[in-house]
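Just so it is clear, none of the values below were taken in a lab; they were calculated from the coordinates. These figures come from a predicted structure and were not determined experimentally. Note: ideal-geometry Cβ built from the backbone for every residue, glycine included; neighbour counts use all protein chains shown.
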Amino acid sequence: MAKQKLRIDSVIDYRLSHSYAETLQQFKLTPGKFFRVVNEAYRDGVVDKDGKEQCLVIERPTLDNYLGEVIAGDRGKFPDGTHLSKKNNVNLVEIVLEPLVLKIPETPVSEAPKTPVTYQDASREQKIQIIREGVINHPAKDDSSPNGAFQFFKDHDLAGLMQNSPHLRKKDSPQALMELYDRERKLDLFDRSQLHYLGRWEIQEKGMWRGEKGRLLGVEAVEDVLWRLMPNYRDASREEKIRLIRKHAINYPAKNDDSQNGMWQFFIDYRLAGLMNSSPHLRKKGSPIALMESYDKERKVGLFDRSQQEYLGRWEIKENGMWQGEEGRLLGVEAVEDVLWQQIPNYRDASREEKIRLIRKHVINHPAKDDGSQNGAAQFFRDHGLGGLMNSSPHLRKPGSPPALMESYDRERRLGLFDKSKGDYLVMREAS
């Protein structure tokens with residue numbers, strides 16, 4: 001027993017001053033037997049937890065060889081204990097990233113590098129781009145899956161690392177693996193205070209939107225997309241943010257020319273379809289309105305605050321089925337009111353009689369596109385984004401009817417615009 005204890009002490013002492021490979025060679029140990037020696041040394045108090053981890057660190061060239069053998073099928077797995085070393089975790093990630101090459105330079109072609117830029121030699125910003133192209137956009141085996149990063153590490157035989165490493169905040173998480181690598185290498189890839197950064201949500205994985213962390217990650221994802229794709233959005237005033245959202249997201253071109261779902265297409269094209277469709281924190285799945293509401297509520301921007309002079313109407317963010325049900329009926333009323341408030345000066349605070357006068361002037365007498373038509377009100381609502389509401393709402397007594405649209409609004413808000421018992425009132429032909 002004393003002889004065995006002395007052997008363990010000798011192996012550990014030698015290992016702490018020599019490399020992993022040299023130790024195996026010196027004592028003619030297999031990786032498995034060496035791991036058992038280290039475990040016994042830890043159990044007997046020869047080394048503490050940090051000392052155990054230090055013993056299991058594999059120098060970079062040897063680790064690189066082991067990975068090559070695993071990928072080639074010449075070795076069934078990494079040596080026992082490899083994943084217990086944080087340094088091994090980080091080195092393995094770096095080893096599989098370093099061969100990647102910058103494929104799509106962000107600089108103009110005339111300024112593009114003459115020779116390919118490898119990950120190893122890339123700047124921080126170039127590293128981010130390489131990770132997006134080579135890791136995040138790595139083809140997943142399931143074409144419908146967004147888990148390119150997971151597939152990348154799996155294809156490079158690091159699935160076991162993601163599953164077994166005690167240094168990751170979450171098992172089977174390519175996000176957590178990249179966070180560990182970034183933290184240890186101090187690259188600040190995820191630093192949102194910088195102009196260019198990698199969104200944590202870009203590294204997609206199953207279940208990523210669940211729980212409180214998932215809810216906050218969803219908010220961060222929406223904010224990242226808005227920051228990145230809208231010039232000056234990050235530091236813009238509330239009013240300027242609203243203008244930018246209308247210009248770049250609401251008016252984003254939809255793939256279906258007949259569709260008005262510009263913001264839905266905007267989020268689809270910028271990788272937030274999974275968030276929109278599967279987040280348990282949205283009041284309605286597949287809803288860009290609900291997604292923007294969640295972001296606005298958490299960040300307290302007040303985009304939809306109707307008490308302000310300038311605000312974003314929820315109905316401006318078009319989506320399929322938005323006028324259905326009781327919620328859709330009330331949204332339709334809100335939409336009519338928003339248009340009247342925003343397009344008719346002083347309408348919001350006007351008296352009933354003044355509202356009638358303003359409606360006649362700005363709505364009923366709105367110029368129709370067809371000079372022979374008297375449908376000024378219909379043209380008014382179409383010109384201000386309510387053609388879909390007027391034509392498809394199931395809550396109107398007659399589809400496509402501006403009088404029916406105004407009646408619905410008037411009835412809900414109890415303004416009495418059509419009340420014949422009053423001195424002045426709107427009649428149906430005036431609004432037709």
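Within the set Lys213/Lys284; Lys369/Lys422; Lys127/Lys154, which residue pairs have Cα atoms separated by over 22 Å?
Details: Lys213/Lys284 19 Å; Lys369/Lys422 33 Å; Lys127/Lys154 20 Å.
Checking Cα-Cα distances, Lys369/Lys422 exceed 22 Å.
Using unit Cβ charges (K, R positive; D, E negative) and no other charged atoms, how large, in debye to the nearest 20, is the dipole of region 321-432 about its Cα centre? Walk me through the intermediate numbers first.
Working: 17 positive and 17 negative charges, 63 e Å.
That gives a dipole near 300 debye.
Select from Gly274, Ala254, Trp264 the residue farthest towards the positive end of the dipole of region 247-298; place +1 on Cβ of Lys and Arg, -1 on Cβ of Asp and Glu, and compute about the Cα centre.
Gly274
For Cα pairs less than 8 Å apart in space and 6+ apart in sequence, what is the mean separation divided by the residue count of the chain, i.e. the relative contact order in percent? All intermediate terms of the calculation are to be shown ahead of the outcome.
Details: 494 pairs, mean separation 30.4, N = 432.
Relative contact order comes out at 7 percent.
Per the helix-only calculation at 222 nm, which mean residue ellipticity applies to the chain, given -39500 (n - 2.57) for every DSSP H run of n ≥ 4 and division by its residues, nearest 500 deg cm²/dmol?
That comes out to -14000 deg cm²/dmol.
Among Val219, Val301, Ser287, whose Cα sits farthest toward the positive end of the charge dipole of region 205-327 (+1 at Cβ of Lys/Arg, -1 at Cβ of Asp/Glu, about the Cα centre)?
Val219
Between Lys77 and Arg271, what is 0.36 nm times their sequence separation minus the Cα-Cα distance? Round to one decimal in nm.
Working: separation 194, 0.36 × 194 = 69.84 nm, distance 3.45 nm.
This chain segment gains 66.4 nm when fully extended.
Report the local net charge at Pro399: Lys and Arg +1, Asp and Glu -1, summed over other residues whose C-beta lies under 14 Å from its C-beta.
Numbers: positive: Arg382, Arg397, Lys398; negative: Glu407.
Taking every Cβ under 14 Å from that of Pro399, the sum is +2.
Region 1-100: which trypsin sites (Lys or Arg not before Pro) are DSSP loop and have at most 10 other beta-carbon atoms within 10 angstrom? Working shown, then result.
Working: sites: Lys3, Lys5, Arg7, Arg15, Lys28, Lys33, Arg36, Arg43, Lys49, Lys52, Arg75, Lys77, Lys86, Lys87; in loops: Lys28, Arg75, Lys77.
Qualifying residues, ordered by number: Lys28.
Between (1) 23.9, 77; (2) 21.0, 64; (3) 31.4, 111, which entry matches Rg and Dmax of the Cα atoms in Å as derived from the coordinates of this structure?
Identified label for the calculated read-out: (3).
Which one of Ser17, Leu67, Ser351 is farthest out on the positive end of the charge dipole of the chain, using unit charges on Cβ (Lys, Arg +1; Asp, Glu -1) and the Cα centre as origin?
Of the listed residues, the answer is Ser351.
Please report, in debye to the nearest 20, how large the charge dipole of the chain is about its Cα centre when each Lys and Arg carries +1 at its beta carbon and each Asp and Glu carries -1 there. Mind dumping the intermediate values first?
Details: 69 positive and 66 negative charges, 189 e Å.
I would put it at about 900 debye.
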